[in-house]
1. Label points 7 Å out from Cα along the Cβ direction at Arg37 and Asp59: separation in nm?
2. I'd like the FRET efficiency for Asp23 and Glu95, computed as 1/(1 + (r/R0)^6) with the beta carbon distance as r and R0 of 41 Å, rounded to 0.05.
3. Can you pull the Rg over Rh of region 36-98, Cα-only, Kirkwood?
4. Using 0.36 nm times the number of residues separating Gln75 and Arg87, minus their current alpha carbon distance, what extension gain do you get?
Amino acid sequence: MSRRLFRQPGPLFIRELAVDPADVDQATYPVTLRLSRPLSANEMTALATLDSECRPTGDSIVIPGARLDDVAHAQADWVLRLETVQRVADEIAGEELLADQRRDEHQQATGVHISDRHDTYPMG
């Protein structure tokens, strides 16, 4: 049975808050949370599920239509959100692992494996 090995990513925390100085004269503007590492695919999915307005970009999350002071004062809330993102991402990974195990068990029980299929089509 093949198993996916999940490598636990390093800790996820906010390294700094950043804004474009040209934007701060506006009432609201994008605020960037620079993180300790890029979000994993499952963490991006979790973030999109929990907060559809935030955009992950590399090792950052951009909060559109915010204010630096408001985000700074809500930093503890953001830490909790990141913990929730990680928890949901772990749940997604667990569900994927269970689906893989069920697929492997079904393949072993039925004797049908994707690699056994001979649906090939001639090329040119």
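Rule-based calculations on the coordinates, nothing more; no lab input. Keep in mind that what you see is a predicted model, and the values were worked out from it rather than measured. Cβ: placed from backbone, ideal geometry, glycine included. Neighbour counts: every protein chain shown.
1. Going by the 7 Å Cα→Cβ label model, 1.1 nm.
2. Details: r = 39 Å, r/R0 = 0.95.
Once rounded, the FRET efficiency stands at 0.60.
3. Details: Rg = 12.4 Å, Rh = 12.4 Å.
My calculation puts Rg/Rh at 1.00.
4. Net length gain for the segment: 2.5 nm.
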